[in-house]
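See structure below.
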Amino acid sequence: MGEVKKTEPMDNNNNPQPSPLEIIKEQSNYLRGTIKESLSDPLTGALRDEDQILIKFHGTYQQQDRDLDDDRKRQKLEPLYSFLIRVRVPGGVLSSQQWLNLDALTNQYGDKTMKLTTRQTVQFHGVLKRNLKTTIQKINQSLLDTLAACGDVNRNVMCSANPFESAVHAEVSEDAKRISAHLSPRTNAYHEIWLDGKLMEGGEKEVEPLYRKYYLPRKFKIAMAIPPRNDTDVLSNDLGFIAIVEEGKLIGYNLTVGGGMAYTFGNNATYPRVADVVGYLPKEKIVEAAEAVLIFQRDHGNRSERKNARLKYTIDRLGLDFFRAEINRTHGIVLEAVKEYKFITLGDKYGWTKSADGLWHYGVFVEGGKLTDKNGYLAKTALREIALVHQGTFILTGNQNVVITQVDESQKPVIEALLKKYKVINADKISALRQNSIACAALPLCALAFAEAERYLPTLIDRIDKVLETNGILQVPISIRMTGCANGCGRPFLAEIAFVGRAPGKYNLYLGASFTGERLNKLYKEMLSEDQIIEALIPILQDFALNRSEDEHFGDFVIRKEYVKETTAGLNFHS
């Protein structure tokens, strides 16, 4: 890692009392806490309360199966605790052997499901405490890890899906990996706890040059995007890099700051926000720029109120002029004028595409990102069988899909035969709405979820598709997303149609985001049941079918027809 610039923390929050979680981090001995003791306690399937906070930095969350809570209470048993494990996969690139290893681990220790996330990685669910260390060890044996996949640190760095699509895509993918490596925590705790690494000697001093002992005020997300495809939702991230290409060469990036999707129901001081595109810098400066922005947030983010701790609130509180001055003061970063770019879609490429090097790539649609064998549809088995013969790689996308890449001409018929044998969905055979859908995991394992998402959105789309087909717009691209709460894991506020759970079977309906991921949507109606959702959408979709202008997207249409007002900034999301 390069030399880290020395800066002095500044407190402009006017909130001098740190939150309880800040105290936990600071006193954790660089993320150790009492995790080892919690793991060895045989009397419970849970961890100690403070360790549940710290373990997130190691890439895992404690969960419980809420479907079973009532039954277990009647039996006077504690909840069925288990753990989510999130793998860190910068840019979403996995070898065939890594795919096979992760698949095997989900079968052996998880719930037999590979959950593809909206941050280009894989989550395991249902791992019991007694298997947690073994599972993380085996992930590391695959030359992957889980460190910083969660927690108040920089998380998995996203990148436009296929690095083998062009030389530019390959270069951007490498830049994503460089940023990820540079911003990785340096604590030895991960190796001590999970990998039986050497304990720090008494005279040795732990050093965390970027994060210090208190880490960041809140999670920090980074994405790279290559126009015209915004398949990473780059503007939803704390920090983003939009590739600028001239005459086929990558020359640099437009820098974006202050994106984030989460808000809290009933608290209008919280809101989703689209990042500001603040300037351009040459590609040689991106790692230094990433460090500068992270340190800006470390030193100026709100450590008293976690609900207002993301970089988006720091930017709105202190302003972009102060931000620019600070990254110049600490790192000498001087941003040039924003260079022109244009996004046309936030979706993925499906089916076969061929790159300039003559290799083929197949985009596989994975509904809700849930790869499983269920109801006769053996999607998980299909990808395993392909991985056994595939000589290339697998790429996870920001839309919860997967791309089978680097398939040569001789191997293409073999892959095609396996896709056909296992009836892997050809995206061309499903509606454009379903092709552009995202759902978070939600119930039963997410403690924050008020309502279903992943398990429910497919059946709701079935009903909406009938309305689309009746009106002759089944193959008109519309983005749709559903989450079980307002924390925004599925980036719902950047969907043209979005459902956010408020209670079991009840959703808020949002309309009016852009199809390119550059504008937030707006609340249209609250607390709708399924029938009320369909009743609300039918007249709008009929109007769209009859009166949209040529190439007009649904999100733009509902604003033009004044179904909702345009959201021009996060600060007016609630207005």
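Once you treat every alpha carbon in the stretch 432-572 as an equal point and sum by Debye, what is log10 I(q)/I(0) at q = 0.09 Å⁻¹?
Calculated log10 I(q)/I(0) at the listed q: -0.23.
In whole Å and largest first, what semi-axes does the C-alpha gyration tensor of the stretch 341-455 yield when each eigenvalue is scaled by 5 and square-rooted?
26, 19, 12
Taking a 19 Å limit on the Cα-Cα distance, which of the listed pairs Lys25/Lys205; Lys349/Lys565; Lys221/Lys525; Lys221/Lys312 fall beyond it?
In this structure, Lys349/Lys565; Lys221/Lys525 lie more than 19 Å apart at Cα.
As a quick test, which of the pairs Lys56/Lys138; Lys374/Lys421; Lys466/Lys522 have an alpha carbon distance above 23 angstrom in this structure?
As for pairs spanning more than 23 Å Cα to Cα, those are Lys466/Lys522.
Using 1/(1 + (r/R0)^6) with R0 = 25 angstrom and r between the beta carbons of Asp111 and Leu39, what's the FRET efficiency to the nearest 0.05? Spell out each step's value before the answer.
Working: r = 20 Å, r/R0 = 0.81.
Efficiency, from the Cβ-Cβ distance: 0.80.
If the cut-off is a Cα-Cα distance under 17 Å, which aspartates and glutamates reach Lys112, setting aside same-chain residues fewer than 8 apart in sequence?
Asp65, Asp103, Glu367, Asp373, Glu385, Glu454
Run lengths n ≥ 4 of DSSP H only: what is the helix-derived mean residue ellipticity at 222 nm for the chain, with -39500 (n - 2.57) per run over all residues, to the nearest 500?
-9000 deg cm²/dmol
Any idea what the dipole of the chain comes to, in debye rounded to 20, about its Cα centre with Lys/Arg Cβ at +1 and Asp/Glu Cβ at -1? Don't skip to the end; give the middle numbers.
Values: 74 positive and 73 negative charges, 198 e Å.
Once rounded to the nearest 20, the dipole reads 940 debye.
Of all DSSP beta bridges located in the stretch 122-263, what percent are antiparallel, nearest 5?
So the antiparallel bridges in the stretch 122-263 amount to around 60 percent.
Considering only DSSP beta bridges whose two residues both sit in the chain, what percent are antiparallel, to the nearest 5? Numbers along the way, then the final one.
Details: 58 of 72 bridges.
Roughly 80 percent of the DSSP beta bridges within the chain come out antiparallel.
Taking every DSSP beta bridge with both residues inside the stretch 432-572, roughly what % is antiparallel (nearest 5)?
Bridges in the stretch 432-572 that DSSP calls antiparallel: roughly 60 percent.
Stretched out fully, how many nm does the piece from Glu305 to Val334 gain, at 0.36 nm a residue minus the Cα gap?
Taking 0.36 nm per residue and subtracting the Cα distance, the gain is 7.4 nm.
Which FRET efficiency, nearest 0.05, do Asn140 and Ile344 yield, Cβ-Cβ r, R0 60 Å?
Calculated value: 0.90.
Please list, ordered by chain and number, the residues whose modelled amide H lies under 5 Å from the amide H of Asp231; skip anything fewer than 5 residues away on the same chain.
Ile226
With the dipole of the chain worked out from charges on the C-beta (+1 for Lys and Arg, -1 for Asp and Glu) around the Cα centre, which of Val87, Ala46, Gly258 lies farthest toward the positive end?
Positive-end residue among those listed: Ala46.
Have a look at Gly505, Asn521, Pro492 and report the one farthest towards the positive end of the charge dipole of the stretch 472-526, computed about the Cα centre with Cβ charges (Lys/Arg +1, Asp/Glu -1).
Gly505
With the calculation restricted to Cα positions, what are the radius of gyration and Dmax of the chain in angstrom?
23.0, 75
Values in this text are rule-based calculations from the coordinates and carry no lab data. All values derive from a computational prediction rather than experimental measurement. When we count neighbours, we look across all protein chains shown, and the Cβ atoms used for this are built from the backbone with ideal geometry, even at glycine.
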